[in-house]
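The values are calculated or read from the model by the stated rules, or taken from the named source; none is laboratory data. Owing to the predicted nature of the structure, the values given are computational and were not obtained by experimental measurement. Virtual Cβ from ideal backbone geometry, glycine too; neighbours counted across all protein chains shown. Quick note on the areas: whole protein, heavy atoms, side chains included, nothing else; ligands and nucleic acids left out. Shrake-Rupley method; radii C 1.70, N 1.55, O 1.52, S 1.80 Å.
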Amino acid sequence: MDTGGGTDIGRRRKLNEDFYCIDSALDLLLIADGMGGHDAGDVASRTAVEFVRDYIRAEKSRYDDYADDLLNTGADHDTTWIDVMNPALEIVANAVQYANKRIHACNRDRGYEDNQGMGTAIVGVWVLKRIDEAIIFHVGDSRAYLFRDGKLVQLTKDHSLHQQWIDNGMIGPEPSRNVILYALGMNNHVMVDISMQTLERLDQLLICSDGLTNLVSHAELEYAISHTRPGRLATTCQGLIDLANQRGGFDNITVILARY
């Protein structure tokens with residue numbers, strides 16, 4: 001994949017609590033948006049990304065061996081793509097829970113009760129090239145998008161009070177957009193959404209923190225990606241970061257773009 005990414009502290013914050021990773025060897029894209037300020041939201045985001053990445057890296061051979069058996073031996077003619085995906089889905093779910101437990105344990109060691117201390121949202125994409133599939137996973141309000149045939153489609157749904165208000169018919173006062181319902185590190189177990197996306201040649205994947213999407217519209221994201229030339233993905237990421245900063249840069253801003 002052709003990839004690009006970037007992160008920026010923004011115009012209002014004193015600390016960048018976002019952390020991201022593009023692991024080309026794993027075909028893994030990750031962004032974590034930490035919270036906690038002086039309680040180490042930057043540590044939470046870095047910890048989440050590193051432990052999710054390291055867990056997937058350690059377990060990848062198990063998936064590869066399983067996929068080899070199904071795809072190469074031809075022993076089971078009833079094999080379907082979901083048979084090949086299942087162990088990878090399990091690895092992702094376990095990786096997120098593992099990172100969550102590590103952050104939660106750190107909070108406990110610092111004397112915090114549940115729902116206190118540092119935490120982080122996370123969004124990730126693990127691309128499985130052999131079967132042209134991607135695993136999309138997230139906790140919180142960082143997002144993943146797919147750009148195909150000129151259209152940008154949001155693949156994740158925010159775990160936020162604002163999204164819950166929308167889902168419930170927008171009854172009552174509109175809540176703040178930055179109150180999330182789930183985050184890594186707050187409890188010993190975390191709810192994670194995991195989905196699968198079939199990929200086609202020239203598809204583009206965008207993942208980002210809410211510091212971007214709170215200030216740059218869906219139409220503007222779509223336009224920027226549609227005008228991205230091969231080898232210039234990092235330039236597009238920086239342009240989107242600059243646009244968010246021009247509009248106030250109220251939060252940290254992190255963007256990753258990948259072309260399949």
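Laid out as a table, the results:
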| quantity | calculated |
| --- | --- |
| Student exercise, the chain dipole from Lys, Arg, Asp, Glu Cβ charges, in Debye to nearest 20 | 860 |
| Interchain or long-range residues, amide H under 5 Å from Asp2's placed H | Arg259 |
| Residue of Ala134, Ala67, Ala58 that the Gaussian network model of the chain assigns the largest fluctuation, springs spanning Cα pairs under 10 Å | Ala58 |
| Spin-label pair Gln246/Asp114, simplified geometry with 7 Å Cα→Cβ offset, distance in nm | 4.6 |
| Residues with amide H under 5 Å from that of Asp193, placed H, sequence gap 5 or more | His138 |
| Karplus-derived HN-Hα couplings along the stretch 182-188 (A = 6.51, B = -1.76, C = 1.60, θ = phi - 60°), whole Hz, x at Gly and Pro | 10, 7, 5, x, 7, 9, 6 |
| Contour excess over end-to-end distance, with Cα ends at Ile194 and Asp2 and 0.36 nm allotted per residue | 66.8 nm |
| Candidate aspartates and glutamates - alpha carbon under 16 Å from Lys151, same-chain residues fewer than 8 apart omitted | Glu200, Asp203, Glu220, Glu222 |
| Karplus-derived HN-Hα couplings along the stretch 233-246 (A = 6.51, B = -1.76, C = 1.60, θ = phi - 60°), whole Hz, x at Gly and Pro | 5, 5, 5, 5, 4, 5, x, 5, 4, 4, 5, 4, 5, 4 |
| Inter-centroid distance (Cα atoms) of the stretch 149-222 relative to the stretch 98-145, Å | 14 |
| Convex hull (Cα only) mean projected area of the chain, reported in nm² to one decimal | 14.9 |
| Computed magnitude of the charge dipole of the stretch 107-212 (debye, nearest 20; Cβ of K, R +1, Cβ of D, E -1) | 260 |
| Exposure rule at most 16 other beta-carbon atoms within 10 Å, DSSP loop GluC sites (Glu not before Pro): the chain longest free segment | 1-112 |
| Sequence-distant lysines (8 or more away, or on other chains) whose Cα lies within less than 23 Å of Lys60 | Lys101, Lys129 |
| The chain, accessible area per residue, ligands and nucleic acids excluded (1.4 Å, Å²) | 47 |
| Value of D in µm² per second that Stokes-Einstein yields for the stretch 1-156, Kirkwood Rh from Cα pairs, at 25 °C (0.890 mPa s) | 144 |
| Qualifying trypsin sites (Lys or Arg not before Pro) in the stretch 1-73, DSSP loop, other Cβ atoms within 10 Å at most 15 | Arg11, Arg12, Lys14 |
| Residue-wise HN-Hα coupling along the stretch 115-121, computed from phi with Karplus coefficients 6.51, -1.76, 1.60 (Hz; x: Gly, Pro) | 6, 10, x, 8, x, 7, 7 |
| Backbone N under 17 Å from the His227 label point (7 Å along Cα→Cβ), restricted to the stretch 123-155 | 150-152 |
| Computed helical MRE - 222 nm, the chain, DSSP H runs ≥ 4 contributing -39500 (n - 2.57), nearest 500 | -12000 deg cm²/dmol |
| Percent RCO, i.e. relative contact order, over the chain, from Cα pairs under 8 Å lying at least 6 residues apart | 29 |
| Prolate/oblate/rounded call for the stretch 153-206, Cα gyration tensor, a/c under 1.5 rounded | oblate |
